[in-house]
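Undergrad: Please read through the structure below; I'll follow up with questions.
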Amino acid sequence: RPHIGVLALQGDVREHLAALEASGARATTVRRTTELDAVDGLVIPGGESTTMSHLLTVLDLFDPLVRRLADGMPAYGSCAGMIMLARTILDTRPDARHLDALDITVRRNAFGRQVESFETDLEVDGITDGPDAGPMRAVFIRAPWVESVSPDVQVLATVPDGPAQGRIVAVRQGGVLATSFHPEVTGDRRVHAYFVDMVREVSAAGSGVGNIDT
Ligand code: GLN
């Protein structure tokens with residue numbers, strides 16, 4: 001089983017641990033560098049990105065995490081996690097730092113500060129067209145959207161209708177996956193299963209890189 005960490009400084013950690021375990025991974029929390037060193041991949045949950053940025057810095061986890069991402073550790077960021085992984089953030093605080101692992105520009109709280117949350121059915125490339133075909137219920141909570149992507153980023157999902165129609169809400173670049181929405185709250189495990197497969201592939205390809213837990 002791949003060993004996947006969930007960054008547990010803040011945000012909805014428990015739901016991700018459960019979804020990862022249900023998808024065949026061994027899932028543990030990450031709050032310090034020794035815990036980060038032990039995992040084959042990392043989930044960065046939703047929460048509040050400026051707070052997460054501050055806590056990563058205060059706990060001396062920021063630079064170790066940047067290094068592991070640069071070394072090719074797979075990562076999945078949901079909502080605030082997507083913001084943390086991005087290269088460029090619009091509408092954030094000037095002192096907020098981010099991990100620069102995904103070549104996208106993200107707009108924080110993009111769907112509007114008044115209409116904070118909504119749900120829609122989404123098609124996600126490589127995920128909702130797989131063996132368990134069918135759209136996915138996507139829950140957005142003060143979510144970011146992806147304003148633009150570089151050519152090596154795959155767009156996996158866009159909003160199908162409504163005022164935000166066409167906005168990008170799921171992307172992948174190599175071993176890094178991000179969604180604006182929260183698959184951990186719906187009981188639909190397909191995004192987590194997809195990420196567990198990504199981690200398996202990277203672990204299998206890079207012999208000696210990461211620990212495969214059997
Ligand atoms: N609005 C939050 C932020 O800017 C993200 C919200 C979420 O993760 N549900 O970090």
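The values are calculated or read from the model by the stated rules, or taken from the named source; none is laboratory data. These figures come from a predicted structure and were not determined experimentally. Positions of Cβ are generated from backbone atoms using ideal geometry, with glycine treated the same way; all protein chains shown enter the neighbour counts.
Undergrad: I'd like to verify a number: residues in region 111-139 that are within 30 Å of Leu65 (Cβ to Cβ) and either among the aromatic types (Phe, Trp, Tyr) or without any contact (Cβ under 8 Å) to a residue 60 or more places away in the chain (or both), how many?
TA: Residues flagged as within 30 Å of Leu65 (Cβ to Cβ) and either among the aromatic types (Phe, Trp, Tyr) or without any contact (Cβ under 8 Å) to a residue 60 or more places away in the chain (or both) within region 111-139 amount to 9.
Undergrad: Next question, about the same structure. Hey, does region 146-168 have a residue that's among the small types (Gly, Ala, Ser) and under 24 Å from Val39 (Cβ atoms)?
TA: Within region 146-168, none of the residues are among the small types (Gly, Ala, Ser) and under 24 Å from Val39 (Cβ atoms).
Undergrad: Pairs please, first residue from region 30-53 and on the phi > 0 side of the Ramachandran plot, second anywhere and more than 9 Å from the ligand (Cβ to nearest atom) and in a loop (DSSP other than H, G, I, E, B), Cβ atoms under 9 Å, 6+ apart in sequence or on different chains.
TA: If the second residue must be more than 9 Å from the ligand (Cβ to nearest atom) and in a loop (DSSP other than H, G, I, E, B), the pairs left are Gly47/Leu9; Gly47/Gln10.
Undergrad: Would you confirm, using the coordinates I've provided, whether Asp60 is part of a loop (DSSP other than H, G, I, E, B) and surrounded by fewer than 21 Cβ atoms within 10 Å (Cβ to Cβ)?
TA: Criteria met by Asp60.
Undergrad: I'd like the residue in region 80-123 that is of a type in the set (A, V, I, L, M) and in a strand (DSSP E or B) and, out of all such residues, is nearest to His3 (Cα to Cα).
TA: Leu102
Residue by residue, here is whether (1) modelled with pLDDT of 95 or more; (2) over 21 Å from Ala170 (Cα atoms); (3) touching a helix residue (DSSP H, G or I) at 6+ places or on another chain (Cβ under 9 Å) holds:
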{"position": "Arg67", "(1), (2), (3)": "yes, yes, no"}
{"position": "Gly72", "(1), (2), (3)": "yes, no, yes"}
{"position": "Leu85", "(1), (2), (3)": "yes, no, yes"}
{"position": "Pro94", "(1), (2), (3)": "no, yes, no"}
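Undergrad: Follow-up. Which of the residues belonging to region 80-100 are touching a Lys or Arg at 6+ places or on another chain (Cβ under 8 Å) and either at positive phi or small (Gly, Ala, Ser) (or both)?
TA: Across region 80-100, the qualifying residues are Asp91, Asp100.
Undergrad: In addition: Considering Ala164, Ala157, which residue is part of a loop (DSSP other than H, G, I, E, B), among the hydrophobic types (A, V, I, L, M, F, W, C) and surrounded by 14 or more Cβ atoms within 10 Å (Cβ to Cβ)?
TA: Ala164
Undergrad: Also: So which pairs qualify, if the first residue must be in region 8-20 and under 16 Å from Asp40 (Cβ atoms), the second must be of a type outside the set (D, E, K, R) and part of a loop (DSSP other than H, G, I, E, B), the Cβ gap must be under 6 Å, and the two must be at least 6 apart or on different chains?
TA: The qualifying pairs are His16/Pro45.
Undergrad: Modelled with pLDDT of 95 or more and assigned to a loop (DSSP other than H, G, I, E, B): is that true of Gly77 in this structure?
TA: no
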